[in-house]
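In what follows, a single structure is set out as structure tokens and then discussed.
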């Protein structure tokens with residue numbers, strides 16, 4: 001208990017481990033927050049969530065990653081390729097990775113996933129990448145909203161939860177309440193500019209960091225280097 005209080009005192013935010021990214025997010029994500037990372041396919045949702053979980057692990061937090069995008073075997077080398085080496089954290093038990101197939105669960109996906117999140121013990125950061133398929137394969141609007149409400153309850157216990165989604169999979173009657181419910185909301189965009197794919201990130205909101213709300217910046221993901229923040233003008237050539 002003393003160790004937990006000490007950690008909460010020292011770490012009011014979850015750092016991404018990338019100082020340039022943190023500075024544009026008001027220093028990082030507040031602990032005990034529910035964060036929504038929203039973007040289209042290929043916009044960089046997975047890389048951003050991986051960067052945040054790596055930063056959390058570097059700061060001594062224990063994390064669990066529920067992924068519909070990868071297996072353990074594919075995720076480790078993929079993250080190593082962008083200078084985010086998680087192997088030691090896995091071996092030490094500081095990170096647990098759970099491949100999930102929400103599409104096979106149909107309308108039961110939100111309730112099954114929240115049960116899995118609640119079983120995580122001694123875990124301070126949870127990432128769900130991604131929750132999109134739950135909206136695409138039978139879950140009702142009420143079930144989708146209930147998932148995020150249950151996540152908020154977990155956050156009230158000090159757990160930080162990050163959920164990535166493809167917003168186009170959700171009806172506006174659902175996505176707007178979800179956005180309002182979250183403490184932090186990061187929106188990713190990608191557009192083709194000639195031969196180049198331009199990626200940008202908008203900090204729609206972060207609780208307690210009003211000065212960065214609305215900030216938009218460009219970024220690249222480079223092999224061997226990772227996520228690199230760049231000026232919008234440079235991103236667009």
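A short reminder: the numbers here are calculations on the coordinates, not readings from a lab. Worth saying up front: this structure is predicted, and the values here are computed from it rather than measured. Reconstructed Cβ throughout: ideal geometry from the backbone, glycine too, with neighbour counts over all protein chains shown.
A few comments on the model shown:
- The chain - share of DSSP beta bridges that are antiparallel (%, nearest 5): 45
- Cα→Cβ-extended label distance, 7 Å offset, between residue 146 and residue 23, nm: 4.6
- For the pair residue 207 and residue 172, a Förster radius of 22 Å applied to the C-beta separation gives a FRET efficiency near 0.40, rounded to the nearest 0.05.
- For the pair residue 41 and residue 190 in one chain, pulling the backbone fully straight at 0.36 nm per residue adds 52.8 nm over the alpha carbon distance.
- Extension gain for residue 71 to residue 103 (0.36 nm times residue separation, less C-alpha to C-alpha distance): 10.0 nm.
- The Cα-based radius of gyration and maximum Cα-Cα distance (Dmax) for the stretch 120-237 are 16.4, 48 Å.
- At full extension, residue 90 and residue 216 could sit 42.0 nm farther apart than now, given 0.36 nm per residue minus the alpha carbon distance.
- Fewest-first ordering of 49, 19, 133 by other beta carbons within 10 Å of each residue's beta carbon gives 19, 133, 49.
- Rg over Rh, two decimals, the stretch 2-235 (C-alpha only, Kirkwood Rh): 0.94
- Residues considered: 175, 14, 165. Largest GNM mean-square fluctuation over the chain, using C-alpha springs under 10 Å, is found at 175.
- As a proxy for reagent exposure, ranking 54, 225 by other Cβ atoms within 10 Å from fewest up yields 225, 54.
- Residue with peak Gaussian network fluctuation, the chain [Cα springs, cutoff 10 Å], from 221, 53, 128: 221
- Sorted ascending by nearby beta carbons within 10 Å, beginning with the fewest, 222, 69 become 222, 69.
- Of 24, 121, 96, the residue with the greatest mean-square motion in the GNM of the chain, using alpha carbon springs below 10 Å, is 121.
- Relative contact order (percent, whole number), the stretch 1-145, Cα cutoff 8 Å, 6+ residue spacing: 24
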